[in-house]
Each structure stands twice: as structure tokens, then as C-alpha cells.
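One structure below.
Every number here is computed from the coordinates shown, using simple stated rules; none is lab data. Everything quoted here is computed from the prediction, not taken from an experiment. For neighbour counting, all protein chains shown are included, and Cβ atoms are generated from backbone atoms with ideal geometry for every residue, glycine included.
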Amino acid sequence: MEDKIKEFEQDIEKLLIKSKDEAESFRIKFLGSKNVLKDLFSEIRNVPQDKRKAVGQLINKLKNKAQDKLDKFTHDSESQEDENSDLDLTLPGENVSLGSRHPISLVTEQIVDIFKRIGFNVSEGPEIEDDWHNFSALNLPEEHPARDMQDTFFIEKDPDYLLRTHTSSVQVRVMENQKPPIRTITPGRVFRNEAISARAHCFFHQVEGLYIDKKVSFADLKQTLDFFAKELFGETAKIRMRPSYFPFTEPSAEVDVSCTLCNTKGCNVCKYTGWLEILGCGMVDPNVLKNCGIDPEVYSGFAFGMGVERIAQLKYQVKDLRLYSENDVRFLNQFKSAL
């Protein structure tokens, strides 16, 4: 038995492993499931009782020596592969390209931050709305002609539900569930069934504001919007209000901001008028307050709404609305400096 062990030990020491194939043959012979050392273990029963322990230790030592030889070859071959690889650790690393915020997100956050500074909180609501919150509660009964102003996506299975056409529906929910004073803004995505072009899209983003309290006046509305325009477009910005019509406000107005590119002298951006339209606003119609459970004899309020794409278009001079939703990295990379 001891002679066989010495013979295998010499084989292990003398054998030179030069390739992976030879290493695999060596492993199968000495360490595989049917290796030659198993035969030695099976012959221990023929060894005298007092020598079995010593013989078993020799066989285990022989097995460990075979494992060490195989491990050494594996380590040496891996080191050699590293030396011969094309990887140059001294080369400078590649620059990691940083992403950028979407211009719609940037402008929305700027608008929200401005109104937060004067006490407005943020309210959000569902994009799939029912007729009451999107139309009826806002002074738009079923046969009201103003409903034709908005081409609506209705849910086919239930015509009473639709994709909201404005975030005013969130304002209705706020008025139904909160008691005045209410001062909130509602940013979100809205949907209109319109043909997609450079100037229109079937979905866009709005930020609408609502202030309800005792003795709220049109002067409060004008002062609020004047502050907003100066914060967003610069201290020299001015606003003007033009009479308009919205079913949920009375009186109503369209708001223009002075063109900061030409200082109201006229340019191609403002179409040589010196002014740029940015939002619509007005005093909340008493019928809307009644529909939401607020007494119009005690409370009054104002509301306003603006399209975020429109503001971003003026701020960044983007001429095609479709660019906002095409996910073109070249377009988005232009706004890294705005982070």
C-alpha cells in the first residue's frame, strides 16, 4: 500500500501540466469522481488495524498535493492571460454621459416653486375623470355649447368617464373635500382629441391655480400673476389682461406677458406685438362654488391655468411641440445647463 502511495506521489510531482487539456486529464485522474485515489481508500480494509489511520492520512495528503498542483496551474494560467490581455489599466476612463431633466419637468418645477413661495400647496388627481368633475361641476351642463370647445377622449365602455381635458377637475375635488381658505395649484397631464402638429398635441401639461377665501378680489388675482411673471421671466416682465370667456370664471381674462427678448418693441417671437399670451384666469363663478358646497355669499376666489408646453416654448424658444414627446436625446441634452 505504501509503495503505491509513493508511486502516485512521484507521478504527481513529476507530471508537468502545460495546457488546459492536460490539467483536465490530471483532474480526472487524481480528483475526479472515479479517480485512482479511491482505489487506495478501498484497500485500507486490507491494512492492519494499527496502521489504517496513518495510511489514510497519507492518502489524504496525496489528494491535497494533487489539488495544490491543479490550483497552482489555474492561478498561473489566469495570471498569464491577464498579462497578455489588451486591457491597459493606465488608460484614462471613459466619461459617463449624464442624463438631463426634461424641459417640461424643469418648467413645471419652476412654476410650482414660485407659487409655493406665496403659500400655495400642490394637489393632484386622477387622469381618468367622470363627467361631473371634468364638466358639470365647472358650470358646463350636458347641453352647454362650451363643451364643444374641447374635443374629449371618452371611455368607450362607459361614456360617463373620460380622459381629463384640464386639471380644473382636481380643483373641484379639492373644493369638495376642503373648507376655505383654499390656496392650491394642480400640475398634471391633460388630453384633447386634436390633430398632432407643431402647434398642437393630443396630450399636454397644465398648471392651474385656485384661491378661495373671504373678500378675494380681482386685484388679488392681478397681483399674484404679476408676481409670477416677474419671478419666471425676470424683474422687467409686465403683464396685461384682456377680457375673455371661460364657463367656470366670471369675469374672465387672457393674460399676456411682455416679450423679454425685444422689451415690447416687437420681434418674430412675439409676432411684432411686444406681448406673449401665457394663461387664462378669472374670478370663480358663484355656480361653481355652489356645486362644490361653498357658499358664494361668504366666499369668493380666483382661478388661473396655463399650458406648461407654452411656457417652456417661450422660455426656451422651442418651436415644435412634438419635440417634447419624441424622446430625442439630442433635444434633451440641450437642457443640461438648466439643471
Legend entry - Net charge dipole size for region 103-338 [Lys, Arg +1 and Asp, Glu -1 on Cβ; Debye, nearest 20]: 1160
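Lys and Arg at +1, Asp and Glu at -1: add these up for the other residues within a Cβ distance under 12 Å of residue 125 and post the number.
My count for the surroundings of residue 125 gives -3.
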Legend entry - Stretchable slack from residue 122 to residue 317, in nm (0.36 nm times residue separation minus alpha-carbon distance): 67.5 nm
Inset, instruction - Add +1 for every Lys or Arg and -1 for every Asp or Glu among the other residues with Cβ under 10 Å from the Cβ of residue 187, and state the total. - result: -2
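In deg cm²/dmol, rounded to 500, what helix-only [θ] at 222 nm does the chain give when every DSSP H run of at least 4 residues adds -39500 (n - 2.57) and the total is split over its residues? Mind dumping the intermediate values first?
Values: 11 runs with 127 residues, N = 339.
The per-residue figure over the chain is -11500 deg cm²/dmol.
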Inset, instruction - Taking only Cα atoms and a 10 Å spring cutoff, compute GNM fluctuations for the chain and point out the largest among 285, 68, 88. - result: 68
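What value does the chain have for Rg/Rh, both radii from Cα atoms and Rh as Kirkwood defines it?
Values: Rg = 38.9 Å, Rh = 26.5 Å.
Dividing the radius of gyration by the Kirkwood radius yields 1.47.
Which length gain, in nm to one decimal place, applies between residue 76 and residue 179 when the Cα-Cα distance is subtracted from 0.36 nm times their residue separation?
Numbers: separation 103, 0.36 × 103 = 37.08 nm, distance 7.80 nm.
29.3 nm is the gain from fully extending residue 76 to residue 179.
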Legend entry - Nearest 10 degrees, 0 to 90: helix 52-84 Cα axis against the chain principal axis: 50
Legend entry - Over region 194-323: Rg over Rh, Cα atoms, Kirkwood Rh: 1.02
Inset, instruction - Spit out the partnerless Cys residues in the chain, using Cβ distances under 4.7 Å as the pairing rule. - result: 202, 281, 292
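Given the Cα-Cα distance of residue 218 and residue 9 and 0.36 nm per residue of separation, how much length would full extension add, in nm? Each step should come with its number before you reach the end.
Values: separation 209, 0.36 × 209 = 75.24 nm, distance 10.16 nm.
Length gained between residue 218 and residue 9: 65.1 nm.
Could you work out the local net charge near residue 167, counting Lys and Arg as +1, Asp and Glu as -1, over the other residues with Cβ closer than 9 Å to its Cβ? Mind dumping the intermediate values first?
Working: positive: 164, 189; negative: 124, 208.
Once all neighbours under 9 Å are counted, the net charge is 0.
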